[in-house]
Amino acid sequence: MGAAVASVLPVLDAWATVDDATQAVEKILGNQKATVGRVTLDIPPLVENGNLVTMKVSIQSPMTEADYVRAIHIVAEGNPLPNVVSFFLSPRAGRAAITTRIRLGDSQRVRAIAQMSDGSFWQGDAATLVTLAACTEV
Amino acid sequence: MSKTSRTIVTMPTAAKKGEVLEIRIIVQHDMESGFRHTETGQRVPRDIIRDFLCTYNGVEVFRVELHPAMGANPLIVFTTTATESGTLEFKWSGDNGYASSTTSTLAVT
């Protein structure tokens, strides 16, 4: 038990790097490529408190049965874990626009990757400066 | 964190057919990330909501996978199209057996 805990802790302690984020993105994409565009990610450029950051992601899509956004993934490069949240939509959403509140561990670039109903991937990103990072308090 | 927690859903009660509704959901939850330590250096174990599901008359219309980077008391604002009168059910589930749900009725004309 003790050994198991010891082997798990260092992994949790390690801060994610841009490489980890790239790996997380590759896992989402499979062997496909994401094209830059259609995805708009709104995060304040200067964040006072990383514990609660309002984020809005919207995707240009007609949201019809033939052409809609299937999934939206948010990936943060500077967080302990790169995956932030994943949304799964259907044509019944009407609009592909979602607002939520996330935690940011550091000043960083946040990426949004959208998968369309035809299987193609599109991405957008936003850079932000975080004054007080999440995860720092005791 | 208590197993039962408050959930707030803000959405219209009536809509025209085909109208796109905005739904705001908030659930009371600490979303303990698992990266914080107590004063004695002990790690606070992770305790988060992992999944959110919205069904419209039993049909899944929106689903979310949450990770520790979601802020405390998760807020999600999303949309759905009014198709028929009925019930929308919102379900959250997470670590340590956390589960909560709430419903809203919608009249479509």
| query | Which value in nm describes the separation of the simple spin-label points at B:SER101 and A:LEU52, placed 7 Å from the Cα toward the beta carbon? | reply | 2.9 nm
| remark: Under the rule rounded for a/c under 1.5, else prolate if a/b exceeds b/c, else oblate, using alpha carbon gyration tensor axes a ≥ b ≥ c, chain B is classed as prolate
| remark: Length-normalised contact order of region A:15-132, Cα under 8 Å, at least 6 apart, in percent, tallies to 36 percent
| message | About the Cα centre, and with charges only on the beta carbon of Lys, Arg (+1) and Asp, Glu (-1), how big is the dipole of region A:15-132? Nearest 20 debye, please. | response | 280 debye
| Counting Lys and Arg as +1 and Asp and Glu as -1, each charge on the Cβ, what is the dipole of the protein assembly as shown about the Cα centre in debye, to the nearest 20? | 460 debye
| request: Take the alpha-carbon centre of region B:3-50, take the same for region A:59-75, and report the distance between them in whole Å. | output: 23 Å
| field | Whole-Hz ³J(HN,Hα) from phi, Karplus 6.51 cos²θ - 1.76 cosθ + 1.60, for region B:72-87, glycine and proline x | value | 4, 6, x, 10, 9, 10, 9, 10, 8, 8, 6, 10, 7, 5, x, 10
| said: Suppose a student asked you for the relative contact order of chain B, using Cα pairs under 8 Å spaced at least 6 residues apart; what percent would you report? | reply: 33 percent
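Computed from the coordinates by the stated procedures, all read-outs in this text should not be read as laboratory data. On a predicted model such as this, the values are computed, not experimentally measured, just so you know. All Cβ positions, glycine included, derive from the backbone under ideal geometry; neighbour counts span all protein chains shown.
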